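**Q** Dumping the structure here so I can ask a few things about it.
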Amino acid sequence: MCLAKLLKGYEGWATLSLRLVIAAIFLFHGSQKLFGAFGGGGISGTAQFFGGVGIPLPLAAAWLVGSVEFFGGLAVLLGVFTRYAATLLSAVMAVAILTVHLKNGFSGGGGFEFPLMVLAGTISLLLSGPGKASLEKTLWKKEM
């Protein structure tokens, strides 16, 4: 039996694993920035880091990025407002790559390999939406 025939009808579930992993990454990093969880620096540490890499208004940027990461990650996890959250998360990752990771090369310490993969995941969610296992489908009866 052909694998494509065996899996026919499950296409709407394809984004579930992507959503769960992307959400976990952003919830973790957003928690570090906002609350100092998991050994993160909290808002003051994040603002200090942002200022050190030349991001303007580092305190405001720390609040903005931490909030986008945490609440965007939560939205992606639940599958609600997924495309909006993915748009904001994509922007955060693009800025992170350009301001922090690009100068460190592709792989290794601080390289852009992992952030690029996360950016690809957020762009995939932006284009595909949340899939069948989502609050969007349940609440708004959207066809996924």
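The values are calculated or read from the model by the stated rules, or taken from the named source; none is laboratory data. Remember, it's a predicted structure, so these values are computed and weren't measured experimentally. Here the Cβ is made from the backbone with ideal geometry for all residues, glycine too, and neighbour counts use every protein chain on show.
**Q** What pairs can you find where one residue is in the stretch 74-99 and buried (at least 20 other Cβ atoms within 10 Å of the Cβ), the other is among the acidic types (Asp, Glu), and their Cβ atoms are less than 6 Å apart, with a gap of 6+ or different chains?
**A** Hits for this filter: GLY79/GLU136.
**Q** Another question, then. Just give me the residues in the stretch 62-81 being farther than 18 Å from ILE43 by Cα and out of contact with any helix residue (DSSP H, G or I) (no Cβ under 6 Å at 6 or more places or on another chain), in sequence order.
**A** Correct list: LEU74 only.
**Q** Right, something else. Which one is modelled with the highest pLDDT, of the residues in the stretch 126-144 that are buried (at least 18 other Cβ atoms within 10 Å of the Cβ) and part of a helix (DSSP H, G or I)?
**A** Step by step, filter the stretch 126-144, then rank; the result is SER128.
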